[in-house]
1. Does the range 26-33 contain any residue that is under 24 Å from Pro51 (Cα atoms) and free of Cβ contacts under 8 Å to residues at least 60 places away in the same chain?
2. Yes or no: the range 28-46 includes at least one residue that is assigned to a loop (DSSP other than H, G, I, E, B), at pLDDT below 80 and aliphatic (A, V, I, L, M).
3. Of the numbered conditions (1) at pLDDT 80 or above; (2) not in a helix (DSSP H, G or I), Thr67 satisfies every one except a single condition; which is it?
4. I want to confirm something. Restricting to the range 7-25 and keeping residues that are without any contact (Cβ under 8 Å) to a residue 12 or more places away in the chain and in a loop (DSSP other than H, G, I, E, B), which single residue is surrounded by the fewest Cβ atoms within 10 Å (Cβ to Cβ)?
Amino acid sequence: MEATKPVCGKEALDLLNCVVDSNYDQDKCLHLLQSLRQCVLSKKVKKFSLPDEKQPAVDDPGSKKQT
């Protein structure tokens, strides 16, 4: 079974790789930025996070405070 892919993950990764490329192409990166923007708008993405982040979202009703 294949693991689920992050929403707009490919677009975000493509943009990041474009920015760090030694042959930086601003026009190409701008196009990739626009692709990422279209993706987040169409999928209604509110926030990105890395898989190992432990901070629960502020509006996450499933998160529990430890006291």
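1. Step one: of the range 26-33, the residues under 24 Å from Pro51 (Cα atoms) are 32-33.
Still in the running and free of Cβ contacts under 8 Å to residues at least 60 places away in the same chain: 32-33.
Taking every residue of the range 26-33 in turn, at least one turns out to be under 24 Å from Pro51 (Cα atoms) and free of Cβ contacts under 8 Å to residues at least 60 places away in the same chain.
2. Going residue by residue through the range 28-46, those that are assigned to a loop (DSSP other than H, G, I, E, B) are 44-46.
Subset that is at pLDDT below 80: none.
No, every residue in the range 28-46 fails to be assigned to a loop (DSSP other than H, G, I, E, B), at pLDDT below 80 and aliphatic (A, V, I, L, M).
3. (1)
4. First pass over the range 7-25, keeping only residues without any contact (Cβ under 8 Å) to a residue 12 or more places away in the chain: 9-10, 13, 16-17, 19-25.
Adding the requirement that they be in a loop (DSSP other than H, G, I, E, B) leaves 21-25.
Values: Asp21: 11, Ser22: 4, Asn23: 6, Tyr24: 10, Asp25: 11.
Top of the filtered list is Ser22.
The values are calculated or read from the model by the stated rules, or taken from the named source; none is laboratory data. Quantities reported herein were computed from a predicted structural model and do not represent experimental measurements. Counting neighbours? That spans all protein chains shown, and the Cβs are built from the backbone with ideal geometry, glycine included.
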